[in-house]
Amino acid sequence: MKNIVLIGFMGVGKGSIAREIVKQSDLVALDTDDIIESMENRRIKKIFAEEGEEYFRALERKVAQWLQKEVKGTLISTGGGFFKVPNLSKIGTVVYLSAPFDTIYNRILAHPDAKKKLRKRPLFQDIEKARNLYEERSGLYKKAADMIIDVSGKEISDIAKEILKKVK
Ligand code: S3P
């Protein structure tokens, strides 16, 4: 089976949806941010602060090459900018999780650990900058995707079911 690659904006729920898909199937999941943090033995926030964004993007490209070569039949959740790596579609079936910016922002704010969720995301420090990034990227996510799933107003378990049904 091909890998499933979840892409979408910061906070849209890529991680939660990946965990739910794992629960509902026999798939095993990997997360590109987790891989990068373990490669570097430091948090994304620290990598951005100490090395800058371009260094982080180079790590994403390295992870992408590894996934493309070595990983099969796996559910892969990605950081919000990972979709820009070359040859994304060679990694697997690309599923774009889509929701309006305000829905995403409110989802983060509704979380009991909202402050922490925002603090760990270097590109979500200023809401207007994040909104601009969203506007800039939303068309690009669509172009990169094999499949678009609108997640707004849906239960996580239903989204997972929908993805599993569609990728079969
Ligand atoms: C980023 C999203 C983050 C993380 C990094 C950069 C982005 O992942 O990879 O902070 O460029 O959108 P999440 O989408 O899990 O927040």
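Derivation of every value follows stated rules applied to the coordinates shown; laboratory data play no part. This structure is a prediction, so every number in the text was calculated from the model and none was measured. Note: ideal-geometry Cβ built from the backbone for every residue, glycine included; neighbour counts use all protein chains shown.
Taking Cα centre as origin and charging only the Cβ of basic (Lys, Arg, +1) and acidic (Asp, Glu, -1) residues, the dipole magnitude of the stretch 29-168 rounds to 200 debye.
Here's how it looks for ASP150: its modeled amide H is under 5 Å from those of SER98, which are all 5 or more places away or on a different chain. Full extension of the chain between ILE127 and LEU164 gives 10.0 nm of extra length, using 0.36 nm per residue less the Cα-Cα distance.
Computed from phi, the 3J(HN,Hα) profile of the stretch 150-162 under the Karplus parametrisation 6.51, -1.76, 1.60 (θ = phi - 60°) reads 7, 9, 5, x, 9, 6, 3, 5, 5, 4, 4, 4, 4 Hz, with x in place of Gly and Pro. With R₀ fixed at 45 Å, the C-beta to C-beta distance from SER38 to ASP102 puts the FRET efficiency at about 0.85.
Put simply, the stretch 1-127 fits an ellipsoid with semi-axes of 23, 19, 13 Å; these come from the alpha carbon gyration tensor as the roots of five times its eigenvalues, largest first. As an exercise, use a Förster radius of 30 Å and the Cβ-Cβ distance of ASN87 and ALA110 to find the FRET efficiency, rounded to the nearest 0.05. It comes to 0.25. Across the stretch 18-168, Cα pairs under 8 Å and at least six residues apart give a relative contact order of 30 percent.
Specify whether the C-alpha gyration tensor of the stretch 87-168 places it in the rounded, prolate or oblate class, a ≥ b ≥ c being the square roots of the eigenvalues: rounded for a/c under 1.5, otherwise prolate if a/b is larger than b/c and oblate if not. Oblate shape, in that a/c is at least 1.5 and b/c is the bigger or equal ratio.
Modelled label positions at GLU136 and ILE148, each set 7 Å beyond Cα in the direction of Cβ, lie 2.1 nm from each other.
3J(HN,Hα) couplings calculated from phi for the stretch 104-109 with the Karplus curve 6.51 cos²θ - 1.76 cosθ + 1.60 (θ = phi - 60°) are, in sequence order, 5, 4, 5, 5, 5, 5 Hz; Gly and Pro show x. Couplings 3J(HN,Hα) of the stretch 25-42, computed from phi: 9, 9, 6, 10, 10, 10, 10, 5, 5, 5, 4, 5, 5, 6, 4, 9, 6, 7 Hz, in residue order, whole Hz [Karplus 6.51 cos²θ - 1.76 cosθ + 1.60, θ = phi - 60°; x for Gly and Pro].
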